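The values are calculated or read from the model by the stated rules, or taken from the named source; none is laboratory data. All of these numbers come straight from a predicted model, not from anything done at the bench. With ideal geometry, Cβ positions are generated from the backbone for all residues, glycine too; neighbour counts draw on all protein chains shown.
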Amino acid sequence: MKPVRSHQSSPLHGTIRVPGDKSISHRALMFGAMAVGETKVTGLLEGEDVLSTAAAMRALGASVERGDDGIWTVRGRGVGGFSEPTGVLDMGNSGTAARLLMGILATQSFTTFMTGDASLCSRPMERVMTPLRPIGVGFVSRSKGRMPLAIQGTDAPMPITYELPVASAQVKSAVMLAGLNAPGKTTVIEPNPSRDHTEKMLTHFGAEVVVEEQENGGRVITLTGQPELVARDVIVPTDPSSAAFPVVAALITPGSDITVEAVGMNPLRTGLFTTLKEMGAKITALNTRVEAGEEVADLKVEYSELHGVTVPANRAPSMIDEYPVLAVAASFAKGTTHMEGLEELRVKESDRLAVVVESLKACGIDVEEGESSMTVVGTGEPALGGGEIKSRLDHRIAMSFIVFGMASQKPVSIDDAAPIDTSFPGFSDLMNGLGAKIKETANS
């Protein structure tokens, strides 16, 4: 446990670079491990989640090494070329790594055992197992597909067509990664576009992926199986989900003016920035460029007087991890912010929807929770704060309410900031360097 208290901040000033994108970091290691040759990865997020993926790739027979220059080298085994691990794969806190790896292991001809920390072991995996079973894989698990589990891979995989009931990049990616080692074409139909890092990176490594837009706004993604993935270098942009925290902190802390460098601006990841601009946020994209197929920009962010908006449900896939910190921004905005399409939040590291509502109420905010919605009423004045927040092993809850405390009248206490290291090592030091006053409780 690492309790911290976040006090009202000075104006934030400076230029920072947040850690590498977590989604892309996981995929760079996995795809490099399935490619032929040597892949070099620059800017990899070296948080606990991604290090769990690196350890899993090594256990499956790939070589994964970090150079003294911070560049990671992955020597792959080819599609379908992994070897049976001698121990249990421990995925720590990472639902992304676990779900994507379930897809990869579904078509390896051996049995793999997988577990995680207490939070990950409480998260349902059945929605990944359901589409994978027709491919030929077997699963043995606790109730509702919870970890620990055994993945009984098939040596005779079948390509499938699967229509997602709810847009989910993790489920989509698991099916596609299983289809990599299956003959023929594997197709995924999604009702709304979800983040497309898997499609982009598979193409980068030489796979044939066709994406068709549908009139109803959905997408049909078709992968041709059993390609030879060829090693390609990857430059990981910084994570827009991590950039969200200093961005919102600057928007709600009077007098602030910061620049966040090299933020990934994939259109399917920038729903938060779109929403904040609708609320009146002064966010300017500078030096826009493309790196390894991904759009990148430097973001200049200034304190802004925000107002409430309605966030449509179809935007949720592009900002699903950012709703907790958006709820913080809404707490300091003037008027009502209504967010819809939030059912995915209930199966994250915690039931994020319930935890965010509970935490906002502890900080004096008028908030209403629906089955898949949240409504936050702000006054346009600094929120009261003073809450004692239980992070529940959820890094985004911890960071969101640290940001809340930076602008609220009273300090906000978080019972455990240790989970932040899963995605944003050095978060408190970086924010304090801008002007924040985040202190370990023992020193407060």
Is segment 388-403 home to any residue that is over 28 Å from GLY95 (Cα atoms) and either crowded, with 24+ Cβ neighbours inside 10 Å or assigned by TED's automatic domain parsing to the domain that holds PRO312 (or both)?
no
Return yes or no: is PRO419 surrounded by fewer than 20 Cβ atoms within 10 Å (Cβ to Cβ), assigned by TED's automatic domain parsing to the domain that holds SER241 and touching a residue at least 40 places away in the same chain (Cβ under 8 Å)?
no
If you go through segment 95-142 one residue at a time, how many are among the acidic types (Asp, Glu) and either out of contact with any helix residue (DSSP H, G or I) (no Cβ under 6 Å at 6 or more places or on another chain) or crowded, with 22+ Cβ neighbours inside 10 Å (or both)?
1
Checked pairs for segment 154-167, first assigned by TED's automatic domain parsing to the domain that holds GLU212, second of a type in the set (Asp, Glu) and crowded, with 18+ Cβ neighbours inside 10 Å, C-beta under 7 Å and 6 or more apart or across chains, list as LEU164/GLU190; VAL166/GLU344; ALA167/GLU190
Checking the conditions here, which among MET158, MET129, MET147 is modelled with pLDDT of 95 or more, under 26 Å from the mean Cα position of the chain (by Cα) and assigned to a loop (DSSP other than H, G, I, E, B)?
MET147
Counted residues in segment 1-18 being within 24 Å of THR238 (Cα to Cα), surrounded by 24 or more Cβ atoms within 10 Å (Cβ to Cβ) and either at pLDDT below 95 or over 22 Å from the mean Cα position of the chain (by Cα) (or both) come to 1
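Yes/no matrix, rows are residues, columns are (1) touching a His at 6+ places or on another chain (Cβ under 6 Å); (2) farther than 27 Å from GLY380 by Cα:
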{"residue": "GLY293", "(1), (2)": "yes, yes"}
{"residue": "ALA297", "(1), (2)": "no, yes"}
{"residue": "TYR303", "(1), (2)": "no, no"}
{"residue": "GLY308", "(1), (2)": "no, no"}
{"residue": "ARG315", "(1), (2)": "no, no"}
{"residue": "MET319", "(1), (2)": "no, no"}
{"residue": "PRO324", "(1), (2)": "no, no"}
{"residue": "ALA330", "(1), (2)": "no, no"}
Scan segment 314-363 for residues that are part of a helix (DSSP H, G or I), among the basic types (Lys, Arg) and touching a strand residue (DSSP E or B) at 6+ places or on another chain (Cβ under 8 Å) and jot them down.
LYS361
Residues satisfying the stated conditions in segment 170-217, i.e. of a type in the set (S, T, N, Q) and either assigned to a loop (DSSP other than H, G, I, E, B) or without any contact (Cβ under 8 Å) to a residue 12 or more places away in the chain (or both)
ASN181, ASN192, SER194, GLN214, ASN216
The number of residues in segment 419-444 that are among the hydroxyl-bearing types (Ser, Thr, Tyr), within 16 Å of ARG396 (Cα to Cα) and at pLDDT below 95 is 2
